[in-house]
Amino acid sequence: MTGTLSRRSFLQSAVAATAVLYVGTAANGSVAAASSAEAMLNPFVKIDSDGTVTAIIKHFDKGQGPATGLSTLIAEELGVTMEQIAYEFAPSDPQVYNNLFFGPFQGTGGSTAMANSWMQYRTAGANAREMLLKAAGEAWGVDPASLDIQAGLVTGAGKSAPLGEFVAAAAGMAPSETPRLRSPSEWKIIGNEATRRVDSQVKVNGQAMFAMDVQLDNQMVVMIKRTPQRGGLVVSFDDSAAKEVRGFIMAQTLPTNHGVAVYAENTWAAMQARAALEVEWDMSAAEARSSAEIRDEIMTALEAAPVYNVNKADQAAVTSTVDGADTVVEKTFYFPLLAHAPMEPLNCTIEQTAEGDIVLHDGAQMPTGPHMAYQQIFGLPAEKIHIKTMLAGGSFGRRATPDADYQVEAGLAFVMTDRSRPVKLVWDREDDIRGGYYRPAVGHKVRVGLNAAGEIAGWEHQVAGQSIMKGTAFEAFSVHDGVDHSSVEGIGDSPYVIPGMSLGLTDTAKATSVLWWRSVGHTHTAYVMEVMMDLAARAVGKDPVEFRLSYLEGEQDQARKAAVLRLAAEKGNWGKPQKGNVQGIAVHKSFGSYVAEVVEISGNLEDGIVIEKVTAAVDCGIAVNPDVIRAQIEGGIGYGIGHAMRDQITLDGGAVEQSNFPDYEPLRISDIKAIETHIIASAEAPTGIGEPGTPPSAPALANAIAQLELVVAELPMADHGVSFA
C-alpha cells in the first residue's frame, strides 16, 4: 500500500477513526505521542483502532528502498509482519522530518536515509509497542513486562488479542525517551533474507503512483522552450505556428527570461506547440565553450601548482621524494561531463486549493528547497505550502538541485496563470539530457614513488575540476578553507595509510551547471586511486590484493576495508580466472560503507571484450534488508560500469550534443553476464547503500582491461581504445 500524506489527510483520517495512536518526534526533537492529528501532525508511525499500522516515511523513494527499510524498523520493533504494515510519505516539515545529517533541512541524498533514521524509527516502533503493552497490562491486570506483540497480536499471561484493541488506551499515555529496543537475537525481519520490498507488487501491477502518473481534473500541461546554451535569455518569441496546434492554450515568457512556457491540454499538444514556437535568444552571457576547451582548461590547471593544499602536506618535500624514488609510476586522468538520465524524466504538478493553499505533487528528493522557493513565489507562509511526495523512477541526484530548478519552473509557470487549473510540468528525455546539470568534468595527475622494497615512499596527487558546492546554499556545509570536499572525497580521507601523500586542488570554471551524481566525487576519485594502486603494485611485481592489504593495517576503518577486499577476492576466485579470461579488482569506502569488486572479462581489444562476472563484497553495517542491499549493489555496478563504457556529455559552442538514449546509451542487460554480491555480517549501525556500489565498479573493469596492455586513463572507454562485444 502506498500513498501521500498531508496535514489535511491526517485530519480526515482522525475523524474517520474512533481512535488513533501517533508516535514520532516533536519539533524540539523530543519523543512524542498523541491520540489525535490535531495534537500531533507529524508522526513516524500511525496505528488505527482496527490495527492498521502505517509507517510515515520521511525519505523519498526513487528506487533505493527507504520505504521498505524504514517500514522494516517499525515492524520489527512494534511486532508486526511486513504484510501488516503500510507506508505513506511524510509531508514537508523540516522541523520534524529533517535529515539529521543536513541540519534543519528535509531531504534524501548522500546515502543517508537508513543511517540517519535508524534510531528514530526503531525508537518510534519500540515506543508504540511499550505503550500498547502497558495498555494491555492495565486491561488484563498483569505486568506489561510479561507481554509482547508478535505478528500484530498482544500475547502473554495466557491471553491474546489484536493490538488494535489497545490503541485507544495507549493513545493517552506518554512515550519514553528510552524505550527498550529489541536485541538482535529477537529480530525476525531485520537482516532476514526473505524480506522483500514493500513496493514491488504495486510497481508491477501498475498501482504505484509516480509523479508522472498524477492526472488532476482540468489540468494543463506545460513544457518549457529552453535555451540551446545554458545561460541564454529570451528576447522575444513568435507563437503564430503554435496557435495552429490543436490543444495549444498559450505561451508565456518565464519571469526569469530563461525560457518560454508553452501551455496545452495534453503532453502531445505541448510538445508540438513548443516545437512550432520561434524564439529569439540573447546568448551574450551563455556558455559558449566546447568540450575540448573545457578539457584544455583542466589539463592546463593540472600542470600548474595547485591553488589549495588540501591535506597541508609539504608539497615540495613530496615531489622530491617521488623524484628520488627507485620506481616512479605516473598517470594523468580525465573524466567528462555525465548526465543523470533517470528513466522517469523530471516532472511535477501544482495546484491551488479552495482555501488558497499551494499543493505540489512531486517526486520530491529535497522538499525543503521547493517549499522555501514557493513561499517567495506565492508570497505565502510555510503552512500554506504542501508537498505531496510521490515515488520517482530514478534520480541519481538529479531531482535534488540547490536551486530547486524544475519545481521553480512549475511554480513560475503556475503563477502566470489565473490558478483556476492545475499545471503539470513535463520534461521530455531531450530536456533531461540537455538540461544543464551534470557530473563535473575533472582531471587528476598522480605520481607515485616506490622504494627498492616495492613500498610507496611518496604519493603526489593533484585534482582540477568544477566545484559542485561553491556558489550554492550548500557551500557552508561542504567547503572549508576554500576546498570543496566533494571534489577530493575518497583520496585524502581514504582508509589507505599512504606515506608521503600530498593532495592539491584547483577549481576551474563550471561548464553549464554541475551537480552531484550517484556517489558524487567518489565517481572519479575511486577510479584514480584504484587504478594507481594497481599500476604501483604491478610496477614492483606484487599481487594487487596483497599490495593493497599492506596499506590497510590498522583498526576499524582499515580492517573493514581489508575485510571486503579479502572476501571479494575469495568469492571472485582472485588469481584463478577461467581459461583465457583476466581479472581486475578495486575497493573503496564511500558514505560510510565499504565495497570491493572483482571484474572478470573475456575477449580482446580488437574483437571486443565481454564482462563475464562482477563479484562484490559489501560492509554497510547491519544489513537491514539484504534483498535491497543486493539490488542496490547490482544497480550501482551497472550504473558505474555503463557510464564508463560509453557515455559522456559533450558541448559544441556551449550546446549539448547528446539528446536521448541512442547517443547517451544506458547499460544494456547483456553488458554484464552475472553479478554476485556478498554481505559481511556486522554489528555496526547501518550506513549508506544507494551509492557505494558505483565507485569501485569502473576501476575494477579498468584494472581487468589493463591486463590486456591498455591502461584507460580517459573515459569513456569506448572512445579510448576499448571495444565491447
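The values are calculated or read from the model by the stated rules, or taken from the named source; none is laboratory data. What you see is a predicted model; the values in this text were computed from it and never measured. Cβ sites come from the backbone with ideal geometry, for glycine too, and all protein chains shown count toward neighbours. Accessible surface is based on the protein model in full, side chains and every heavy atom, while ligands, DNA and RNA are left aside. Shrake-Rupley method; radii C 1.70, N 1.55, O 1.52, S 1.80 Å.
Between ILE633, ILE705, ILE641, ILE669, the distinction of being touching a strand residue (DSSP E or B) at 6+ places or on another chain (Cβ under 6 Å) and of a type in the set (Val, Ile, Thr) belongs to ILE633 only.
From the list ASP199, ASP282, which residue is acidic (Asp, Glu), in contact with a Phe, Trp or Tyr (Cβ under 9 Å, 6 or more places away or on another chain) and surrounded by 13 or more Cβ atoms within 10 Å (Cβ to Cβ)?
Numbers: ASP282 fails: in contact with a Phe, Trp or Tyr (Cβ under 9 Å, 6 or more places away or on another chain).
Of ASP199, ASP282, the one residue that is acidic (Asp, Glu), in contact with a Phe, Trp or Tyr (Cβ under 9 Å, 6 or more places away or on another chain) and surrounded by 13 or more Cβ atoms within 10 Å (Cβ to Cβ) is ASP199.
Rundown of residues vs (1) open to solvent by 20 Å² or more (accessible area, probe 1.4 Å); (2) not β-branched (Val, Ile, Thr), yes/no style:
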{"residue": "TRP427", "(1), (2)": "no, yes"}
{"residue": "GLU455", "(1), (2)": "yes, yes"}
{"residue": "VAL463", "(1), (2)": "no, no"}
{"residue": "GLY471", "(1), (2)": "yes, yes"}
{"residue": "ALA476", "(1), (2)": "yes, yes"}
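Hey, among the residues in region 396-425 that are buried (at least 19 other Cβ atoms within 10 Å of the Cβ) and without any contact (Cβ under 8 Å) to a residue 40 or more places away in the chain, which one's farthest from the chain's Cα centre (by Cα)? If we take residues in region 396-425 being buried (at least 19 other Cβ atoms within 10 Å of the Cβ) and without any contact (Cβ under 8 Å) to a residue 40 or more places away in the chain, then VAL408 is farthest from the chain's Cα centre (by Cα).
Of the residues making up region 478-497, those that are open to solvent by 30 Å² or more (accessible area, probe 1.4 Å) and out of contact with any helix residue (DSSP H, G or I) (no Cβ under 8 Å at 6 or more places or on another chain) are HIS480, ASP481, GLY492, ASP493.
Within region 607-618, is there a residue that is part of a strand (DSSP E or B), open to solvent by 30 Å² or more (accessible area, probe 1.4 Å) and under 17 Å from GLY635 (Cβ atoms)? If you could, list the steps in order and put the result at the bottom.
Taking region 607-618 as the starting set, the residues that turn out to be part of a strand (DSSP E or B) are 608-618.
Cutting the leftovers down to open to solvent by 30 Å² or more (accessible area, probe 1.4 Å) gives us 610, 612-613.
Keeping just the survivors that are under 17 Å from GLY635 (Cβ atoms) gives 613.
Yes, region 607-618 contains a residue that is part of a strand (DSSP E or B), open to solvent by 30 Å² or more (accessible area, probe 1.4 Å) and under 17 Å from GLY635 (Cβ atoms).
Any residue at all in region 646-662 that's open to solvent by less than 10 Å² (accessible area, probe 1.4 Å) and closer than 27 Å to ASP534 by Cα? Looking for residues that are open to solvent by less than 10 Å² (accessible area, probe 1.4 Å) and closer than 27 Å to ASP534 by Cα, one finds at least one in region 646-662, hence yes.
Annotation note: Cβ proximity below 8 Å between a residue of region 255-280 that is aromatic (Phe, Trp, Tyr) and a residue that is in a loop (DSSP other than H, G, I, E, B) (sequence gap 6+ or interchain) occurs for TYR263/THR417; TRP268/GLY247. Residues of region 202-235 that are polar (S, T, N, Q), on the phi < 0 side of the Ramachandran plot and open to solvent by 50 Å² or more (accessible area, probe 1.4 Å): ASN205, GLN207, GLN215.
Which ones in region 526-539 are more than 13 Å from TRP459 (Cβ to Cβ) and in contact with a helix residue (DSSP H, G or I) (Cβ under 8 Å, 6 or more places away or on another chain)?
Once the filter is applied, which keeps residues that are more than 13 Å from TRP459 (Cβ to Cβ) and in contact with a helix residue (DSSP H, G or I) (Cβ under 8 Å, 6 or more places away or on another chain), region 526-539 yields ALA526, TYR527, GLU530, VAL531, ASP534, ALA537, ARG538.
Restricting attention to region 197-211 and to residues that are out of contact with any helix residue (DSSP H, G or I) (no Cβ under 6 Å at 6 or more places or on another chain) and in a loop (DSSP other than H, G, I, E, B), the residue that is nearest to MET82 (Cα to Cα) turns out to be GLN207.
Determine whether region 331-350 contains at least one residue that is under 25 Å from VAL488 (Cα atoms) and of a type in the set (Val, Ile, Thr). Spell out how you get there, then give the answer.
To start, the set of residues in region 331-350 that are under 25 Å from VAL488 (Cα atoms) comprises 331-341.
Retained after the next criterion (residues that are of a type in the set (Val, Ile, Thr)): 332.
Yes - at least one qualifying residue is present in region 331-350.
Can you pull out every residue in region 294-310 that is under 29 Å from the mean Cα position of the chain (by Cα) and open to solvent by 60 Å² or more (accessible area, probe 1.4 Å)? Residue satisfying the conditions is ARG295 alone. Checking the stated criteria, ILE680 turns out to be open to solvent by 20 Å² or more (accessible area, probe 1.4 Å), of a type in the set (A, V, I, L, M), in contact (Cβ under 8 Å) with a residue 12 or more places away in the chain and touching an Asp or Glu at 6+ places or on another chain (Cβ under 9 Å).
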